[in-house]
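As structure tokens, the structure follows; a few thoughts come after it.
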Amino acid sequence: MTDHRMHAFRRRIGGLAYGGDYNPEQWRPEIWREDVRLMREAGVNLVSLGVFAWASLEPEPGKYEFGWLDEVMDLLHKNGIGVNLATPTAAPPVWLTHKHPEVFPVMADGRRFGFGNRLHYDPSSPIYREYAAAITTRLAERYSYHPALVMWHISNEYGPTAYNEAASVNFRLWLRRRYGDLQALNDAWSTRFWGQVYTGWDQIAVPEHPRTWMNPSRILDFKRFTSDALLECYIAERDIVRSYRTDIPVLTNFMRFYRNADYWRWAEEEDAAALDIYPDPADPGSHVPAAFQFDLFRSLKGGRPWLLMEQAASAVSQWKLNVVKEPGRMRLGSLQAVSRGADSVMFFQWRAGRGGQERFHSAMLPHSGPDSRTFREVADLGREVRLLSPVAGTTSRAGIAVLFDWNGWWGLEEVAGLPRNDFSYPETVMRHYTPLWEHHHAVDVVSPRSDLNPYKVLVVPNAYLIDDEGAEAVTAFARAGGTVLMSFFSGVVDACNRVRPDGYPGAFRRLIGAKIDEYWPARPGEEFAVRFSGGRTATASWWREDIHLETGTALATYTDGLLAGRAAVVANSFGSGRVVYFATLLNDDAFAATVLEEVRAAGVRSRFEGLPAHLECTVREDERHEYLFLLNHSADLTATVPLTGEGTDLLTGTPVTGEVTVAPLGAAVIQRAR
Ligand code: GAL
């Protein structure tokens with residue numbers, strides 16, 4: 001059904017979606033008419049409407065004002081623009097919080113949020129849920145069959161964590177469902193430690209402000225619970241709109257590297273994954289983590305096209321210094337998303353606001369109006385997006401998978417008491433992804449539950465916490481002939497955050513063919529010399545392990561320090577596969593070289609081997625065509641790509657044979673028959 005709904009969506013949109021958040025409630029009706037005229041000029045075919053409009057739709061409890069929305073929906077429809085209609089529940093109106101202040105989320109330290117922002121709700125609050133359901137129902141009743149409606153956008157960027165009494169009540173229910181009886185919960189949380197044993201369910205609360213450290217298993221379950229409590233809100237609204245009409249896709253918008261919601265779990269409940277992303281234009285390398293996010297979002301629904309729901313046309317406004325996207329950068333970032341599977345290019349927002357917190361956030365239509373650099377770039381891109389419509393619905397293939405797991409993230413970062421407490425999961429993931437990106441390898445992102453059959457190489461960055469099923473999936477992958485590249489401090493604890501028995505690295509001792517006696521985090525500034533068996537030298541820092549080989553062999557050993565002569569990198573044959581375990585943090589070049597050698601040995605080749613890193617190269621395909629995306633991120637260097645056979649550059653409409661030259665900050669999208 002999901003595929004069917006998205007297929008119908010693409011048909012109605014006519015290819016890739018182009019547009020942004022549209023907030024007409026902030027403007028006079030004369031402006032709406034100018035908006036639609038300029039939207040057409042810019043090639044807009046989809047807007048996300050009413051995202052924060054609750055106060056305008058329901059100015060008093062139960063008193064609805066839909067007239068303005070009727071008019072805007074009609075106007076958009078008349079102008080051929082589809083509507084991604086939002087439920088406005090990310091911004092509860094002041095009358096609601098005034099009447100029911102218990103809806104405001106309480107923070108871990110006991111302070112309660114106040115009014116004047118957004119996302120000021122406790123997702124467990126029955127009152128919030130009741131009012132959210134009411135406005136959602138009214139919208140669904142009224143607009144489900146409006147001809148402009150092409151998609152439902154449920155709420156916005158689900159995220160608040162709440163420590164309210166209602167959250168405690170809901171947490172207890174969640175725990176009862178998970179554990180069944182108190183004995184199981186006491187075991188899971190190791191409550192004999194520091195005498196935390198529970199004798200009644202009503203004694204359990206959300207982990208609000210402890211005297212010192214909080215029980216690590218309780219925190220972990222609270223993270224899972226928070227993700228699920230938010231998801232319950234999403235599902236409740238989704239089910240309401242779906243009960244009126246089943247053939248319209250329903251989704252919500254996610255954020256980049258967002259820790260509070262397990263997006264693997266969420267994506268199962270959506271028709272497509274959608275991402276809001278704001279790479280810092282001041283960071284010249286920000287397109288690399290963006291590429292990872294795009295790969296993740298494509299992977300969240302098993303390789304299906306995803307939607308770029310929000311990005312900035314130029315500067316954002318939330319940092320201390322908000323630099324502009326230089327000419328060409330917005331286009332390049334947009335094409336980058338499409339190159340990695342996005343079927344849309346959308347912005348926050350259509351028209352720059354005059355007031356409010358984000359009045360200096362750029363927009364498709366900036367304060368300076370249509371006669372502006374940004375609007376010209378937006379309109380040019382709108383034309384190009386239309387030219388790329390054959391790409392809509394196409395997918396891609398990869399031989400390498402990178403494991404990305406929210407439970408592992410929470411285990412590594414949420415809890416004190418680890419041998420070192422400054423792990424950054426996004427950083428370690430990026431460290432593993434970057435050399436693959438630089439060498440143009442197609443990479444999918446996987447969860448411990450994903451199908452690993454399509455891959456030859458599985459990269460496992462610091463998987464400290466992994467459940468039995470996930471550990472077995474990684475192990476089975478190697479047994480069946482895959483190559484596993486795993487980093488230190490993996491497989492240590494079970495799903496309850498309890499250290500696995502029989503020595504580290506519990507879940508993976510047989511897989512890596514070694515036992516670790518102790519983890520030896522390095523002191524600040526400490527570096528150690530390492531030599532690979534082939535003679536290459538490297539440096540190690542940050543982390544070492546007192547490792548004892550069992551079936552594994554040393555691929556590299558320390559040549560100094562107390563662990564001199566011991567393995568720093570282990571290789572092990574396991575079943576029909578191979579495992580390489582990095583027991584330390586190698587310097588970037590040595591790490592990259594080892595990863596790339598192993599990838600090559602596993603039989604994975606990039607078809608863009610040898611091309612410079614600043615030229616990002618990816619492929620989308622369907623049964624008949626492939627589309628080569630060539631994106632030059634350098635502002636100074638041109639890049640030339642040899643081509644076998646012939647194709648057509650969709651952006652220029654010109655045939656290409658022999659080679660393609662891509663100008664600085666330029667792009668080419670070559671369509672070729674397969
Ligand atoms: C997003 C949010 C938008 C807007 C944008 C720009 O995270 O969904 O409403 O605030 O950021 O900051």
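The values are calculated or read from the model by the stated rules, or taken from the named source; none is laboratory data. Here the structure is a predicted model, which means the values were calculated and not measured. No Cβ is skipped: glycine too gets one built from the backbone with ideal geometry, and neighbour counts run over all protein chains shown. The accessibility values were calculated without ligands, DNA or RNA, using every heavy atom of the protein model including side chains. Shrake-Rupley method; radii C 1.70, N 1.55, O 1.52, S 1.80 Å.
At-a-glance table
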{"item": "Cleavage-rule hits (chymotrypsin sites (Phe, Trp or Tyr not before Pro)) in segment 30-137: DSSP loop, at most 14 neighbouring Cβ within 10 angstrom", "result": "Phe115"}
{"item": "The chain - convex hull of the alpha-carbon atoms, volume per residue in Å³", "result": "165 Å³"}
{"item": "Taking segment 192-295 and dividing mean pair separation by its residue count, relative contact order in percent (alpha carbons under 8 Å, at least six apart)", "result": "20 percent"}
{"item": "Shape call, segment 400-601: gyration tensor on alpha carbons, a/c limit 1.5", "result": "rounded"}
{"item": "Over the chain, relative contact order from alpha-carbon pairs under 8 Å, at least 6 apart, %", "result": "10 percent"}
{"item": "Length added when fully stretched, Thr559-Thr246, from 0.36 nm per residue minus Cα-Cα", "result": "106.2 nm"}
{"item": "The chain: calculated mean residue ellipticity at 222 nm from DSSP helix runs of at least 4, using -39500 (n - 2.57)", "result": "-10000 deg cm²/dmol"}
{"item": "Contour excess over end-to-end distance, with Cα ends at His7 and Ala673 and 0.36 nm allotted per residue", "result": "237.5 nm"}
{"item": "Positive-end extreme of charge dipole, the chain - chosen from Pro426, Val570, Val656 (charges on Cβ)", "result": "Val656"}
{"item": "Solvent exposure, largest accessible area first (probe 1.4 Å, DNA, RNA and ligands not counted), of Arg12, Arg172", "result": "Arg12, Arg172"}
{"item": "The chain - percent of accessible surface contributed by carbon and sulfur, probe 1.4 Å", "result": "51 percent"}
{"item": "Equivalent ellipsoid, segment 148-292 (semi-axes from 5 times Cα gyration tensor eigenvalues, Å)", "result": "34, 22, 12"}
{"item": "Convex hull of Cα atoms in segment 615-673, direction-averaged projection (nm²)", "result": "3.6 nm²"}
{"item": "11 Å beta-carbon shell around Lys325, net charge (K/R +1, D/E -1)", "result": "0"}
{"item": "Cα-based convex hull, segment 280-355, per residue volume (Å³, whole number)", "result": "101 Å³"}
{"item": "Average accessible surface area per residue within segment 615-673, 1.4 Å rolling probe, Å²", "result": "43 Å²"}
{"item": "Local electrostatic count, Glu384, Cβ distance below 14 Å [Lys/Arg +1, Asp/Glu -1]", "result": "+1"}
{"item": "Computed over segment 400-601: relative contact order in percent, which uses C-alpha pairs under 8 Å that are six or more apart", "result": "19 percent"}
{"item": "Rounded D (µm²/s) - segment 543-610, Kirkwood Rh over Cα pairs, Stokes-Einstein at 10 °C, 1.306 mPa s", "result": "120 µm²/s"}
{"item": "Calculated over segment 9-52: convex hull of Cα atoms, volume per residue (Å³)", "result": "72 Å³"}
{"item": "Solvent-accessible area per residue for segment 297-359 (1.4 angstrom probe, square angstrom)", "result": "35 Å²"}
{"item": "Two-decimal ratio, segment 72-215, of alpha-carbon radius of gyration to 2.2 N^0.38 Å", "result": "1.40"}
{"item": "Whole-angstrom gap from segment 312-360 to segment 587-656, using each part's C-alpha centre", "result": "26 Å"}
{"item": "Total formal charge among the other residues, if their Cβ is under 14 angstrom from that of Ala601, Lys/Arg +1 and Asp/Glu -1", "result": "+2"}
